[in-house]
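Working notes, structure below.
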Amino acid sequence: MNEYGGNHPSDAIWKDMSYENRDYLREEARRFGGPGSGGSAFRGGVSANLPPMTLWLLIVNVMVFLVDSILSGSMRGDAAAPTRWGRFSVEDGVLGFQLWRVLTYQFLHWDFVHLLFNMVGLWIFGGMIERWWGGRRFLAFYLLCGVGGALLFSLSSLFPAVAGVTSASVVIGASGCVLGCVAACMMVFPREQIGLFLIPISFTVFALGAVYIGLDVLNVLVGGNNAGGALAHLGGAATGYVLVKRAGWLRWADTVSVPDVKGAIQEKQRQRASMREALHEQEVDRILAKVKDHGLAALSESEKRVLNADTERKRQGR
């Protein structure tokens with residue numbers, strides 16, 4: 001078998017040099033329960049139970065695709081279609097200073113097949129990396145790989161003869177993010193076995209990843225129809241490789257606090273209730289002062305209702 005496949009004479013040496021045994025990555029593994037942590041949280045490979053950030057990324061990608069499919073080409077919604085304002089090109093994203101496009105293009109797809117292949121890749125490889133690294137670092141890693149794909153795509157526009165990319169060329173899709181996950185898994189879990197759908201054989205992560213990346217390299221070399229997209233994929237893979245080799249670069253993600261939306265809503269509701277209570281007490285005090293000065297007969301029907309409701313509420317202890 002080959003170097004990454006199993007019973008090789010140099011396996012003992014390879015294991016000592018493998019990424020999951022490097023000191024800095026073993027530290028990451030201990031923090032998040034990954035390989036080398038001695039914990040039982042990590043099982044490796046594909047799991048039907050996706051970790052939360054991977055699941056959310058899948059949901060967002062699918063929802064954006066559905067919305068885009070409905071709005072694109074419609075009579076009244078085409079201008080608002082996500083592809084219109086979210087796709088990336090050098091002309092819009094760089095020269096037009098619409099920098100949000102380096103992120104939004106990652107959630108757009110040309111058609112169902114494009115979406116399906118990317119989501120399968122995210123499910124297989126993204127889930128593995130999130131279990132190893134944790135949700136916050138994984139999200140930062142995923143998005144940065146997409147940015148790396150947009151960067152290489154942009155640089156290739158300076159040399160149109162390489163892949164036919166110009167400043168007006170458009171790229172969309174999560175492929176750069178997924179290829180970043182593929183490259184990371186090739187480094188961290190190279191000998192993990194993965195079985196493909198309806199195929200009764202399994203492949204190592206390294207072998208399957210090499211096919212993913214090799215097809216994109218071939219596409220660029222022969223000048224295929226999607227050579228520009230393939231360069232974006234490779235930009236994502238290169239970014240993933242660098243970020244895993246320099247694992248400490250993403251430690252800042254641990255300090256990023258996720259907004260507590262539910263808590264903020266509840267606090268706003270408490271503030272509003274407190275303000276209503278204060279206003280109610282002011283109104284009751286005014287009515288009582290009026291009774292003291294002029295008697296009950298001076299009260300209007302609405303004031304009597306407020307006073308009766310307040311008396312009943314206090315009698316019930318609310």
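All of the numbers you see were taken from the coordinates with simple rules; none came from a lab. Keep in mind it's a predicted model, so treat the numbers as computed, not measured. Cβ atoms come from the backbone with ideal geometry, glycine included; neighbour counts cover every protein chain shown.
Applying a DSSP loop filter and a limit of 15 other Cβ atoms within 10 Å to the chymotrypsin sites (Phe, Trp or Tyr not before Pro) in the stretch 164-209 leaves Phe197.
Backbone amide hydrogens, once placed in the peptide plane, bring Ile194 within less than 5 Å of Phe203, Thr204, Val205, excluding anything fewer than 5 places away on its chain. Projecting the Cα atoms of Thr255, Asn225, Ile201 onto the dipole axis of the stretch 148-264, where Lys and Arg carry +1 and Asp and Glu carry -1 at the beta carbon, places Thr255 farthest toward the positive end.
For the stretch 187-318, the tally of Lys pairs with Cα-Cα distances below 24 Å comes to 5, considering only residues 8 or more apart or on different chains. Couplings 3J(HN,Hα) of the stretch 118-127, computed from phi: 5, 6, 5, x, 5, 4, 6, 8, x, x Hz, in residue order, whole Hz [Karplus 6.51 cos²θ - 1.76 cosθ + 1.60, θ = phi - 60°; x for Gly and Pro]. Taking a Cβ cut-off of under 13 Å around Ala238, the surrounding Lys, Arg, Asp and Glu residues balance to a net charge of +1, with basic ones at +1 and acidic ones at -1. Backbone geometry of the stretch 291-299 corresponds, through the Karplus equation with coefficients 6.51, -1.76 and 1.60 at θ = phi - 60°, to 3J(HN,Hα) couplings of 4, 4, 7, 10, x, 5, 5, 7, 7 Hz, x marking Gly and Pro.
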